Amino acid sequence: MKSIKTPIALLIGAALLTGCNSETKYVDIQPNEVKIATYNLSFDRNTFEDLVAEMQVTPDKQTELVTAYLDSSIADEDKEMAEKVIQIRNVAAIIQKNRPDILMMAEYNNDGTGEDKAALVGFQENYLSIAQSLNGAGGEANLEPIEYPYTESYSTNTGLNSGLDLDNNGTAGQLPGDGWGFGFYHGQYAFALMSKYEIDTQNTRTFQEFRWKDMEGAEIPTITICDGSETIPDGMACGDAWYTAEEWEQVRLSSKNHVDTPIIIPTEQGDEVIHLLMSHPTPPVFDPGKNKAQNGAEVEFWHHYVLGKDYFYDDAGNTGGLSENSKFVVMGDQNLDPVDGDGYSEIMQTFHNDPLINQDVMNGELYPTSFGAAEHAVDKSSEHPVPNRITSTFGLAVDYAMPSANLNVIDSGVYWAASYEEGRKLFNDERIGDYGDGKDVSSDHRMIWIKAQL
């Protein structure tokens with residue numbers, strides 16, 4: 001059995017359990033609760049190297065940049081770096097405030113393969129390990145640092161050139177549209193994972209190369225948005241197949257990756273394994289129908305997977321879906337609202353309603369909500385049917401931590417401070433950037449979390 005020694009355990013051991021030979025004995029304490037969160041950090045950058053450079057700015061240099069930015073003494077050439085530092089600090093503050101034990105991070109650029117962890121190392125050492133402020137840029141450092149001993153970054157299809165004309169603009173092999181996933185370079189919009197508990201890398205399954213055509217019920221997507229709101233490529237018409245037959249044989253389903261990562265959590269009864277089912281489907285917009293179909297298929301992939309359907313094959317050649325009775329959390333910015341937006345909402349709603357999913361969380365009193373979302377909906381005159389469930393500044397509920405029915409979830413939430421709550425400047429700060437909100441300040445998405453009792 002694995003165990004962890006907490007500061008409390010050390011104190012108890014030293015104060016109460018010292019034997020006559022003066023050798024300190026320790027009490028091993030296992031967690032009885034685990035907090036699991038997903039957060040689209042909006043750390044997309046023009047290059048992976050840009051993100052690495054920002055993460056390697058030392059805390060002292062960060063403070064120097066932020067101070068100069070706020071008092072308007074900053075040099076023009078340093079202004080952009082200062083704004084990025086402020087954004088990263090605010091994101092780190094949000095993480096320190098909420099203190100998830102396990103955190104999936106979307107839009108965390110990498111080298112394409114996930115092998116270069118320099119940006120993750122820098123984030124931990126120069127931001128998460130340093131006390132941040134609940135009061136935003138320039139505020140007193142009043143939050144506790146947080147440490148994640150386990151990290152992983154995953155390979156991605158974004159910016160991985162297919163050599164085909166997947167966007168039908170007449171030119172093959174041209175990024176961003178001809179990547180297996182949309183991206184100006186390989187590694188853009190990737191995702192990563194930080195955890196206080198062991199990540200079982202040996203038994204992690206990735207589905208980066210899984211072909212869309214091999215999904216149960218798959219059909220070549222067609223041009224379906226014909227009202228003029230989206231541009232139909234030259235030479236094509238409403239109802240046409242988006243891909244040629246040759247392209248359809250090769251097209252990958254996942255715009256980034258689909259990853260099943262087991263997390264090993266020590267408990268008094270032995271190790272508990274929770275499968276994190278992570279993905280970040282393409283938005284269902286920006287073209288006349290293909291993206292809408294792909295978004296729905298990427299979401300439905302996990303529904304079929306937890307049902308244990310046998311048609312799956314992973315990148316290592318292993319077949320089959322998730323084993324029966326496995327505990328899991330479907331995680332990530334899914335870009336699909338179950339009751340609003342441009343995507344196939346019915347696909348997400350059907351997933352919500354499946355008895356394999358915890359119904360208290362997905363359809364009951366534990367559905368993650370926030371006062372900040374409700375206030376934002378009023379400010380923006382939103383017509384969302386359930387405004388306190390919104391997880392993005394563009395007014396949709398698209399971010400998820402969907403637990404299995406066999407996980408005993410005792411709490412949940414969306415972290416979005418309303419104007420009357422502490423932490424508001426982590427979301428809205430008119431001093432920062434062009435707009436004082438969204439990606440300028442932290443992100444255009446909000447952290448969503450569940451807490452499970454083991």
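Bear in mind these aren't lab numbers, they're just calculated from the coordinates by the rules spelled out. The shown structure was predicted, so the numbers you read here are calculated from the model rather than taken from an experiment. Positions of Cβ are backbone-derived with ideal geometry, glycine not excepted, and every protein chain shown enters the neighbour counts.
Just how large is the dipole of the chain about the Cα centre, in debye to the nearest 20, putting +1 at every Lys and Arg Cβ and -1 at every Asp and Glu Cβ? Show your work: numbers first, answer last.
Details: 30 positive and 73 negative charges, 265 e Å.
Computed about the Cα centre, the dipole is about 1280 debye.
Using the count of nearby Cβ atoms within 10 Å as a rough guide to exposure, how do M55, M348, M331 rank from fewest to most?
The most exposed by this proxy come first: M55, M348, M331.
Past the 31 Å Cα-Cα mark, which pairs from K35/K213; K213/K327; K256/K327; K117/K290; K117/K309?
K35/K213; K117/K290; K117/K309
Stretch Q174-T267 to full length: gain in nm at 0.36 nm per residue minus the Cα-Cα span? Could the numbers behind the result be given before it?
Working: separation 93, 0.36 × 93 = 33.48 nm, distance 5.04 nm.
Stretched fully, the Q174-T267 segment lengthens by 28.4 nm.
Would you mind calculating the gained length between D116 and A245 on full extension (0.36 nm times residue separation, minus the Cα-Cα distance), in nm to one decimal? Working shown, then result.
On the way: separation 129, 0.36 × 129 = 46.44 nm, distance 3.62 nm.
Separation in residues times 0.36 nm, less the Cα-Cα distance, equals 42.8 nm.
Summing +1 for each Lys or Arg and -1 for each Asp or Glu, what net charge is found among the other residues whose Cβ lies under 13 Å from the Cβ of A417? Don't jump to the answer; show the numbers that get you there.
Numbers: positive: K97, R424, K425, R446; negative: E375, E421, E422, D429, D437.
Charge balance in the 13 Å sphere: -1.
For segment 410-424, take each phi angle, set θ = phi - 60°, evaluate the Karplus expression 6.51 cos²θ - 1.76 cosθ + 1.60, and give the result in whole Hz per residue in order, putting x for glycine and proline.
3J(HN,Hα) across segment 410-424, in whole Hz: 10, 7, 7, x, 10, 8, 8, 6, 6, 4, 9, 10, 5, x, 4.
Quote the relative contact order of segment 107-220 in percent (integer), defining contacts as alpha-carbon pairs under 8 Å separated by 6+ residues.
Relative contact order here is 28 percent.
Considering the options Q359, Y311, G173, tell which one lies farthest towards the positive end of the dipole of the chain, charges being +1 on Lys and Arg and -1 on Asp and Glu at the Cβ, about the Cα centre.
Farthest towards the positive pole: Q359.
Can you give the local net charge around A297? Use residues other than it whose beta-carbon is closer than 13 angstrom to its beta-carbon, Lys and Arg +1, Asp and Glu -1.
0
Percent relative contact order of the chain, based on C-alpha pairs within less than 8 angstrom and at least six residues apart?
Numbers: 1053 pairs, mean separation 73.9, N = 454.
Once divided by the residue count of the chain, the mean separation gives 16 percent.
I need the shape label for segment 294-333. Rule: rounded when a/c is under 1.5, else prolate if a/b > b/c, else oblate, with a, b, c from the alpha carbon gyration tensor.
On the way: a/c = 1.72, a/b = 1.19, b/c = 1.45.
Verdict is oblate for segment 294-333.
Subtracting the Cα-Cα distance from 0.36 nm times the residue separation, let me have the gained length for E144 to Y313 in nm, one decimal.
Gain in length upon complete extension: 56.6 nm.
Based on DSSP H runs of at least 4 residues, each adding -39500 (n - 2.57), what is the mean residue ellipticity at 222 nm of the chain after dividing by all its residues, to the nearest 500 deg cm²/dmol? Kindly include the intermediate steps, with their values, before the conclusion.
On the way: 10 runs with 102 residues, N = 454.
Mean residue ellipticity, 222 nm, calculated: -6500 deg cm²/dmol.
Can you list the HN-Hα couplings for segment 398-404, worked out from phi with the Karplus curve (6.51, -1.76, 1.60; θ = phi - 60°), rounded to whole Hz and with x for Gly and Pro?
So the Karplus estimates, Gly and Pro as x, are 10, 9, 9, 9, 9, x, 6 Hz.
Return the FRET efficiency for the residue pair E421, V386: r is the Cβ-Cβ distance, R0 is 22 Å, and the value is rounded to the nearest 0.05.
The computed FRET efficiency comes out at 0.65.
How big, on average over all directions, is the shadow cast by the Cα convex hull of the chain, in nm²?
Average projection, Cα convex hull of the chain: 24.2 nm².
In whole Hz, what ³J(HN,Hα) sequence does segment 125-130 give by Karplus (6.51, -1.76, 1.60; θ = phi - 60°), x for Gly and Pro?
Those phi angles translate into 6, 9, 10, 5, 7, 10 Hz.
Using r as the Cβ-Cβ distance of A68 and T224, and R0 as 56 Å, what FRET efficiency do you calculate, to the nearest 0.05?
Here the calculated transfer efficiency is 0.65.
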